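To start, the structure under review is shown below, and the notes come after it.
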Amino acid sequence: MVDGFVVHEVVADIAVRVVRSMPDLPVALDCEVERLWQVACKRVAAGEAGRLFNGRVFSVDSFAPHLVTGHLTEFRRIVAQMEQPALFAELGVRPLAVCGVLRCADGVVVGRRHRGAVYQGGMWQLPPAGSVDAGAVDVNGAVDLRRQLLSELREEVGLTADMVEEPQPLCIVEHPDSHVSDFGLGLIATLNAEALLAAYQAGGNGEYEQIRVIAKAKLPAFLAELGEALVPPAREFLMRAGLTNREVESSR
């Protein structure tokens with residue numbers, strides 16, 4: 001990957017587990033986290049992108065192709081690190097997010113994030129996508145990525161589990177600054193583009209300013225047009241899913 005993005009390989013039956021509790025923060029660091037959190041909350045509210053909620057999300061401690069381990073951390077620590085990436089040295093959070101490469105017979109689904117979003121506002125990405133939260137963790141600490149992805153699919157795109165085939169793991173792409181680690185999973189919808197977009201209009205939650213279905217033949221030109229307005233992990237996921245040519249993308 002370019003610009004310092006790191007690709008972590010995964011196997012088809014990869015496991016994700018919570019193995020420790022969230023560590024306490026020194027008082028001074030906690031105060032700085034809270035200050036940055038409040039700044040972000042005010043900015044998101046002013047941008048009419050909803051509001052931020054300090055829930056618990058999964059943060060990676062270690063990567064291996066067959067096993068990802070970590071802990072549940074509060075969202076405000078993640079936001080603080082996004083605001084000031086240098087805080088990674090003290091906070092050490094790597095928020096794991098699921099990102100679907102959703103396609104149907106007519107093409108690939110892409111969406112533009114709300115401009116007021118706290119992370120990558122206004123950029124294009126591959127829906128559905130979202131942080132892995134505490135709801136995906138069972139009593140034994142096992143994290144169900146499929147459950148999280150299908151939850152995001154229902155909330156963001158308006159599709160239910162019976163409208164897609166089984167998600168297929170692709171890889172994990174880690175951002176060099178925020179350390180957000182996007183877990184790409186391929187999804188094939190049983191609907192055509194018209195029905196998919198109708199489901200989005202009826203049941204989507206407004207996470208995206210715009211949703212489009214791009215035909216595979218037109219995808220290279222569309223990606224070239226977007227340029228840096230497309231989140232970098234999306235290009236890797238599209239190549240892993242066999243939807244774009246690696247040589248063409250690598251020559252950018």
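Every number in this text was worked out from the coordinates using simple rules, so none of it is lab data. Treat the numbers as computed from the prediction; the structure is a model and nothing was measured. When we count neighbours, we look across all protein chains shown, and the Cβ atoms used for this are built from the backbone with ideal geometry, even at glycine.
Among H66, H179, the ranking by other beta carbons within 10 Å of each residue's beta carbon, starting with the fewest, stands as H66, H179.
Placing dummy labels 7 Å off each Cα toward the beta-carbon, the span from A142 to V11 is 1.6 nm. Annotation note: GluC sites (Glu not before Pro) in region 131-181 located in DSSP loop regions with a Cβ neighbour count of at most 16 within 10 Å are E165. With a simple spin-label model that places each label point 7 Å from the Cα along the Cα-to-Cβ direction, the separation between A134 and N205 comes to 1.7 nm. Kirkwood hydrodynamic radius computed over region 21-140 comes to 15.9 Å, based on all pairs of distinct alpha carbons. Available extension along the chain between E90 and V39 is 16.4 nm, counting 0.36 nm per residue and deducting the alpha carbon span. Applying a DSSP loop filter and a limit of 14 other Cβ atoms within 10 Å to the trypsin sites (Lys or Arg not before Pro) in region 12-107 leaves R51. A DSSP coil position with no more than 16 other Cβ atoms inside 10 Å describes the following GluC sites (Glu not before Pro) in region 18-61: E48.
Between N245 and A217, the contour length at 0.36 nm per residue exceeds the Cα-Cα span by 8.9 nm.
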